[in-house]
1. Look through the stretch A:229-246, keep the residues that are within 17 Å of A:GLY182 (Cβ to Cβ) and not in a helix (DSSP H, G or I), and return whichever of them is nearest to the chain's Cα centre (by Cα).
2. Tell me the strands (runs of 3 or more DSSP E) entirely within the stretch B:1-107 that contain at least 2 residues that are β-branched (Val, Ile, Thr).
3. Pick from the stretch A:6-31 the residues that are aliphatic (A, V, I, L, M) and within 11 Å of chain B (Cβ to nearest Cβ): which of them is least open to solvent (accessible area, probe 1.4 Å)?
4. Which pairs turn up if I take residues in the stretch B:116-130 that are at pLDDT 95 or above and look for partners that are among the charged types (D, E, K, R) with beta carbon separation below 7 Å, at least 6 apart in sequence or on another chain?
5. Among B:VAL59, B:VAL95, which is the only one that is out of contact with any Pro (no Cβ under 6 Å at 6 or more places or on another chain) and within 14 Å of chain A (Cβ to nearest Cβ)?
6. Residues being more than 10 Å from every other protein chain (Cβ to nearest Cβ) and either among the polar types (S, T, N, Q) or open to solvent by 50 Å² or more (accessible area, probe 1.4 Å) (or both): count how many of those fall in the stretch B:62-85.
7. Considering only the stretch B:1-30, state which residues are more than 11 Å from chain A (Cβ to nearest Cβ) and open to solvent by 80 Å² or more (accessible area, probe 1.4 Å).
8. Here are A:ALA119, A:ALA102, A:ALA98: which of them is in contact with a Pro (Cβ under 8 Å, 6 or more places away or on another chain) and at pLDDT 95 or above?
Amino acid sequence: MIPGPFDYQVASSVAEAIALLDQHGADAKVLAGGHSLIPLLRFRLASPAVLVDINRLRDLEYMQEADGTLHIGALTREVDLEASDLIRRRYPILADTARVIADPVVRNWATIGGNLAHADPANDHPATMLALGAQLVATGPTGQRLIPIEQFFTDSSFETTLQPNELLTEIRIPAPAERSGGAYLKLERKVGDYAIAGVAAYVVLDGAGHVTYAGIGLTNVGPTPIKARAAEQLLRGSTLDDAVIAQAARQAAAEAQPVSDLRGPADYKRAMVETLTMRALRQARSRATGGA
Amino acid sequence: MSIHHIRVTINGKLYEGDVEARTLLVHWLRDSLRLTGTHIGCDTSSCGACTILVDGKAVKSCTMLAVQADGRELLTVEGLEQNGKLHPLQEGFHVEHALQCGYCTPGMMMAALALLKRNPDPSEQEIREGISGNLCRCTGYVNIVKAIQYAAQKLREPQPEQVPAGSGGGGE
């Protein structure tokens, strides 16, 4: 299939991209890696009048820690996240996530910002960002604003709180505290497929081994990425022993809203959320206490 | 609808043309430039038959617009052979019988080339991961992995015939 007609504009700066978005409003779509957008255009599920190509904005490709925060440029390619020593060493949950997105060839081009801004409940970064408590930088005609990740997705699939004239420019993640750890686990039928279910878990422990922060995000088991708030609540203040992990995993499964489809019946997916949450929390605990 | 004049270096040669914004790169390569070695399989960036290198990185050319390639350097399967001599990957696919129908072969070789540039001595597992975005429906992957191992070894060997003339090559 061939996409319907559209105009194409290359942005040579963030300011130019925003000016183009401001000019064209909801008729424009941002073209980043394009590995979700171009198939949508081909199937004529999307028919924007204008594409604003931001692929030449090399100043949006970076990963750096500063002031207790990891800053990731929105155009950073998945392959670079996956290969980064900084990410592997300090943010293994992010490396876990990047390396199970689509396949290696797609990851050469696909971007972390696109994965989030597309707001597909089947995409992998949203759950991880929900678990980590990330903040997103939206840049618009009047400057930047920070959007906490839990306010980024709406109640509808494929929809965010970005305004049509705003560009997602950066992802901010709190630098890992001592005794913190996370993991992302994805069950997929084959390489390149979307998750049957995916679970991101992130915990911070105090010196006595009590949980001071718990984040759990779920992939592809509902109309939107899901933050399993009640499961997180169960974990806070606990000692993260196997019993509480099992209880939180059951709770996360209860918070999932899977539907039956070609990837399996709803009951099966719910059961997989429980299993994956248990495993992700155990791995997060292991990483928080110095293990791999 | 916008029309764009693009200049793209493909296999070392400069190509120019006018493309509609919506023209997919693989269609421009095949239909306008007649570089039909790059195949179209699934059309949805799943199968990898259309894999080429863009600025040295493997990309599925069914999921990129031709206009996005403006000013970039592309390598397609036609660019593997040099001076009538098969590339070690092509040789490996031949020697190890890594194909039956051959449909996936160009994309498979381009993905393998990108892998070997990044990792000249990959393990079997790394090869399998490296080509996991490329589907073969005939042979299974055993001989494809062998072909890539063949090429990896060959590419690691000193190749005196590729030393440019006048550089005093040949001696260790």
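The values are calculated or read from the model by the stated rules, or taken from the named source; none is laboratory data. It should be emphasised that the depicted structure is a prediction, and the values quoted were computed from it without experimental measurement. So basically every Cβ, Gly included, is an ideal-geometry build from the backbone, and we count neighbours across all protein chains shown. For the accessible areas, the whole protein counts, side chains as well, though only heavy atoms, and no ligand, DNA or RNA atoms are used. Shrake-Rupley method; radii C 1.70, N 1.55, O 1.52, S 1.80 Å.
1. The qualifying residue nearest to the chain's Cα centre (by Cα) is A:ARG236.
2. Strands (runs of 3 or more DSSP E) meeting the threshold: B:3-10, B:51-54.
3. Among them, the one singled out is A:LEU31.
4. Final answer for the pair search is B:ASN119/B:GLU126; B:PRO120/B:ARG156; B:ASP121/B:ARG156.
5. Answer to the check: B:VAL59.
6. Counting residues in the stretch B:62-85 that are more than 10 Å from every other protein chain (Cβ to nearest Cβ) and either among the polar types (S, T, N, Q) or open to solvent by 50 Å² or more (accessible area, probe 1.4 Å) (or both) gives 8.
7. Listed by number, the residues that qualify are B:HIS5, B:ARG7, B:LYS13, B:LEU14, B:GLU16, B:ASP18.
8. Of the residues listed, the single one that is in contact with a Pro (Cβ under 8 Å, 6 or more places away or on another chain) and at pLDDT 95 or above is A:ALA119.
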